[in-house]
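*Asks:* First the structure, then my questions, so here it is.
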Amino acid sequence: MRLMNIERPIIPRQIVPRQIVPGISLNAAGHATIDPSVHDALFDLALRLETPTRLPVDFEHVVAAIVMAAHQNEIDAGRSLSADDTGLIEILTPHIKSVFARYGGNVGSDE
């Protein structure tokens, strides 16, 4: 039995961004998309994280820490973001410190 070599058009597979938490998703290239609905929560978290970390935390640091925590399965994809969530603050604190230790606090770029 001989199989015929039939050429089929290559259809690019659409890669859906992975939701990290509601409002933050990460694409295959590692770029985060942040929905405007979570901007206030991210800014509030940044302010709240400055005390336990003793670092000048901003929006991008919080996003990086959330992604790092999600990669280590410390945050599930359905967890809401709130500066009043003490458990979330405890999870993110070491990741914020890690962002500064590894990258000197330089984590984002506007593209």
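*Asks:* Test ARG54 against the criterion of being surrounded by fewer than 17 Cβ atoms within 10 Å (Cβ to Cβ) and of a type in the set (Lys, Arg), and give yes or no.
*Replies:* yes
*Asks:* Condition first: part of a helix (DSSP H, G or I) and either under 12 Å from ILE20 (Cα atoms) or charged (D, E, K, R) (or both). Now tell me which residues in the range 50-67 satisfy that.
*Replies:* GLU50, GLU60, VAL63, ALA64, ALA65, ILE66, VAL67
*Asks:* Restricting attention to the range 72-105, which residues are among the basic types (Lys, Arg) and touching a helix residue (DSSP H, G or I) at 6+ places or on another chain (Cβ under 9 Å)?
*Replies:* ARG79, LYS97 - these are the residues of the range 72-105 that are among the basic types (Lys, Arg) and touching a helix residue (DSSP H, G or I) at 6+ places or on another chain (Cβ under 9 Å).
*Asks:* Please work out if ALA70 is within 23 Å of ARG18 (Cα to Cα) and not in a loop (DSSP other than H, G, I, E, B).
*Replies:* Yes; evaluated as a whole, the condition is true for this residue.
*Asks:* Identify all residues within the range 65-111 that are free of Cβ contacts under 8 Å to residues at least 40 places away in the same chain and among the polar types (S, T, N, Q); write none if there are none.
*Replies:* The answer is GLN72, ASN73, THR86, SER98, ASN106, SER109.
*Asks:* Strands (runs of 3 or more DSSP E) wholly in the range 7-49 with at least 1 residues that are of a type in the set (Gly, Ala, Ser) and modelled with pLDDT of 85 or more - which ones?
*Replies:* Details: elements: 18-21, 24-26, 32-34.
Of the strands (runs of 3 or more DSSP E) lying wholly inside the range 7-49, those with at least 1 residues that are of a type in the set (Gly, Ala, Ser) and modelled with pLDDT of 85 or more span 24-26, 32-34.
*Asks:* In the range 65-95, how many are exposed (fewer than 13 other Cβ atoms within 10 Å of the Cβ) and not polar (S, T, N, Q)?
*Replies:* 7
*Asks:* Is there a residue being closer than 17 Å to GLY87 by Cα, at pLDDT 95 or above and of a type in the set (Lys, Arg) anywhere in the range 52-63?
*Replies:* For the range 52-63, residues closer than 17 Å to GLY87 by Cα, at pLDDT 95 or above and of a type in the set (Lys, Arg): absent.
The values are calculated or read from the model by the stated rules, or taken from the named source; none is laboratory data. These numbers come from a predicted model, not from an experiment. As a convention, Cβ positions derive from the backbone with ideal geometry for all residues, glycine included, and neighbour counts pool all protein chains shown.
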